[in-house]
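Here's the structure, in structure tokens; my notes come after.
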Amino acid sequence: METIETKGWDMKRNWTWLPIVGCCLTLASCDAIAAQPGACDQTARDAQLSCEREASGEYWLGVAVCDNLPAADQRECGRQAQTIRLEVLGECDAHFESRQEICAELGRGAYNPVIAPENFLTVVDNPLFPLVPGTTFVYEGPTEGGTEHIEFVVTRETKEIMGVTCVQVRDTVTVDGELVEDTLDWFAQDVDGNVWYFGENSKDYEDGLIVSLDGSWTAGIDGAKPGIIMKAAPRVGELYRQEFAIGEAEDVARVLSLSQSVTVPYGAYSNCLQTQDFAPLDPDAIEHKFYAPGVGQVLTVHVDTGTRVELVNIFREGDGQAIPLKEAKLNIEHNATALDTGFQGAIDSEGWSRLDITGPSGTVMTIEGKGELGSLGLTELFFETVEPENAEVPIADMLALLPEGNYTIQGPTVDGVPTYGTAWLTHDIPAGPVLLAPAEGATVPTGNLVMRWSPVTQTITGGSINIISYQLIIEKDEPPHPHAIGKRGLSMYLPASTTSLTVPNEFLEPSTHYLWEVLAIEVSGNQTLSSGEFTTE
């Protein structure tokens, strides 16, 4: 072991030279090694060595950065670099163990599927993975950053890979409307009905800029080989490789069931295939995927979180170009002062004539415009349900009416073109903000009045909550104008960090009774209000 003194802090280099058993000098000798029964195990070892060397390389780059810091900061910088190195080495070990487990089940030999172009079709019609050009599958689900929206578009374009004509699919992912991933995938079906995965070109985005091409690979290039994305005749317990590009794309899948029943916003399905998908490169990220006969993939469940990404719609060319809703919201409003709870929603689109709202339990509401105004078409709509007191209808009973999950809102426009959108409903209800000032029923001056309330840090049941905004509303206690929509008042949406506001002096009138409320709004849109009143001098 070699110890190096570097500007007041010690680092130890621990070099362990291991034999590169898999090294070969000629193409013929490489072929001979690949043919040996232990090629799978040797691949796992070699990949581990590569991972360890990369961890060391990144560590020494980090040390180089530390060299240029003030002497007082170098020791902590070095500790951080070493901590990161040890974490990465732990990941290398996990990758190795996962690869070894796969070798033990799939066999110790090399992975080298025989691809004969004459054994492939020009269509993909496997009933569990049909790819009809002109079809768009739409999936949605929640993430920490917002609602994830996926469009899986089967294009009419093809790409030849390893002599095989592949169907090209464009897969885009947005989170709250911002593009985060744009991928081209290539698939082809053999004469036996197996659907092969020949590669992908994946681009990750942040703030509109490409930040990564990780996960991209093409069969036949740099040792990458195709895998099977869907078996012609899946068997329970069977494990198979879906892709094979060492260090880049190594997904495998296991068949768990052939008889699952699944309900998603787009429909209810039986006799579904369930697979467990995982990869040595991230062995803890396990997904359960469900495929319905005649439809394809309808659901993905992330095992670690239970999060569901569900099929919410399918569009086909000839149905008319679907128009996304500009706005589709469904949430819960709880009144912490009056102790009542209800549902509310908001929709905005291009002149629709009817909309069906469908969720995990089926269709919950249909909205249809009739008569002269109905034929003209509707655009914006805000609605609220009755809000029964919690003493009469407990909150649990209200929530049972609309289970958590994706709700599809779709229907025709007045021109017969489909319009659609999805709203994600959770049961996370914020606790009510405590109104601090002015005191309930107080008489206050008209100038420099500060409204204050406490921050909300939990749900009504004591769970954690992510508050994104507060809304402050102040209104005169008087009936609305008989012809104007809404009351005269002050309404402001404020950042979650703001818990007070000075009312503009021009707003308050003397000797006037006012009602005020503060709404705490959490990340999925659910909101809880607390209300009070005061009178000006």
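Just a few scattered comments:
- Per residue, the convex hull around the alpha carbon atoms of the range 462-537 comes to 122 Å³.
- Note that the range 418-467 carries a Kirkwood radius of 14.2 Å, evaluated over its alpha carbons pair by pair.
- Evaluated on the range 323-362, the Kirkwood hydrodynamic radius is 12.4 Å, with distances taken between all distinct Cα atoms.
- Ordering Trp196, Leu490, Leu381 by the projection of their Cα atoms onto the charge dipole of the chain, which places +1 on the Cβ of Lys and Arg and -1 on the Cβ of Asp and Glu, puts Trp196 at the extreme positive end.
- In Å, descending, principal axis extents of the Cα set of the range 396-537: 56, 42, 28
- Projected-area average for the range 146-235 over all orientations - Cα convex hull basis, square nanometres: 7.4 nm²
- Neighbourhood charge, 13 Å Cβ-Cβ cut-off, centred on Arg156 and excluding it, Lys, Arg +1 and Asp, Glu -1: +1
- Percent breakdown of C-alpha pair distances by 5 Å bin, ordered from the shortest bin, for the range 365-421: 4, 12, 20, 19, 14, 12, 11, 7, 2, 0
- By other beta-carbon atoms within 10 Å, ranking Val298, Val63 with the fewest at the front produces Val63, Val298.
- Among the listed pairs Lys231/Lys326; Lys203/Lys289; Lys289/Lys370, those with a Cα-Cα distance over 30 Å are Lys231/Lys326; Lys289/Lys370.
- Rounded to whole Å, the principal axis extents of the Cα atoms in the range 289-412 read 51, 50, 20, largest first.
- On Cα atoms only, tilt of 39-66 relative to the major axis of the chain in degrees: 60 degrees
- Volume of the Cα convex hull of the range 113-172, divided per residue and given in Å³: 127 Å³
- Each Lys and Arg contributes +1 and each Asp and Glu -1, all at the Cβ; summed about the Cα centre of the range 117-316, the dipole is approximately 1000 debye.
- Kirkwood hydrodynamic radius over Cα pairs of the range 117-316, then Stokes diffusion coefficient at 4 °C and 1.567 mPa s, in µm²/s: 75 µm²/s
- Difference of contour (0.36 nm per residue) and Cα-Cα distance, Glu392 to Glu238: 50.1 nm
- Counting neighbouring beta carbons within 10 Å and listing from fewest to most, the residues Ile460, Ile286, Ile347 come out as Ile286, Ile460, Ile347.
- Long-range Cα-Cα pairs in the chain (distance over 38 Å), rounded percent: 47 percent
- Other residues with beta-carbon under 13 Å from the beta-carbon of Gln189 carry, at +1 per Lys or Arg and -1 per Asp or Glu, a net charge of -2.
- The alpha-carbon atoms of the range 68-198, seen along their principal axes, cover 66, 45, 27 angstrom, with the largest extent given first.
- Ordering Val252, Val303, Val211 by the number of other Cβ atoms within 10 Å of each residue's own Cβ, fewest first, gives Val211, Val303, Val252.
Every number in this text was worked out from the coordinates using simple rules, so none of it is lab data. Since this is a predicted model, take the numbers as computed values, not measurements. Because the Cβ atoms are built from the backbone with ideal geometry, glycine has one as well, and the counts that use them run over all protein chains shown.
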